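The values are calculated or read from the model by the stated rules, or taken from the named source; none is laboratory data. Since the model is a prediction, treat every value here as computed from it, not as a measurement. Each accessible area value is taken on the protein alone, full model and side chains, heavy atoms only, with ligands, DNA and RNA left out. Shrake-Rupley method; radii C 1.70, N 1.55, O 1.52, S 1.80 Å.
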Amino acid sequence: MLQRNNRWPASVLGVVLYTLVFIYAHHFWGAASEQAVRGQPELLLFLLPGIFMALLQPERPLLSTLWVALGGTLLGMVWLILATPMIHSGLLMVAWSLSALFWAGCGALLIRLLRIMLAMRAG
């Protein structure tokens, strides 16, 4: 378990990981818009930051994941607005970002479920 003074480095690392996944997944979203692709499997990559944060901060996995995801989303959106030309509308970007938040939360809940199942099996 992390001590109280180690929460900030874990959160900063989580924001960096989420932002990198955000930019990487957005790159594939932009490249796939030219082709006829159904669905957006790149959103499943957002499970990874959720799992990562749930493992680093086990006392409040979902809340810490959502705060990290919110910070990473804002940082990623600012980066994409400043570094790349907008190929999608702003409203579509917001909807895509909310989907990313959902999948990051699902990653944290998956770890929570696995911990509950292991505790029931051991107990």
Within the chain, helix-based [θ] at 222 nm, where runs of 4 or more DSSP H residues each add -39,500 (n - 2.57), nearest 500: -26000 deg cm²/dmol
Accessible surface of Ile111 - all protein chains present, 1.4 Å probe, nearest 10 Å²: 20 Å²
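Whole-Å semi-axes of the stretch 48-123's equivalent ellipsoid, largest first, each the root of 5 times a Cα gyration tensor eigenvalue?
Working: eigenvalues 201, 25, 12 Å².
Semi-axis lengths for the stretch 48-123 are 32, 11, 8 Å.
Looking at the chain, do any whole DSSP H helices span at least 30 angstrom along their long axis by alpha carbon and average -1.0 or above on Kyte-Doolittle, and which? If you can, show how the numbers build up before the last one.
Numbers: long enough: 7-32 (37 Å, 1.01); 61-83 (32 Å, 1.83); 90-122 (48 Å, 1.55).
For the chain, where a helix must reach 30 Å along its axis and average at least -1.0, the hits are 7-32, 61-83, 90-122.
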Residue of Val21, Val68, Val94 that the Gaussian network model of the chain assigns the largest fluctuation, springs spanning Cα pairs under 10 Å: Val94
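Could you work out how much longer the chain between Phe102 and His88 gets when fully extended? Use 0.36 nm per residue separation minus the Cα distance between them, nm to one decimal.
Numbers: separation 14, 0.36 × 14 = 5.04 nm, distance 2.02 nm.
Roughly 3.0 nm would be gained on extension.
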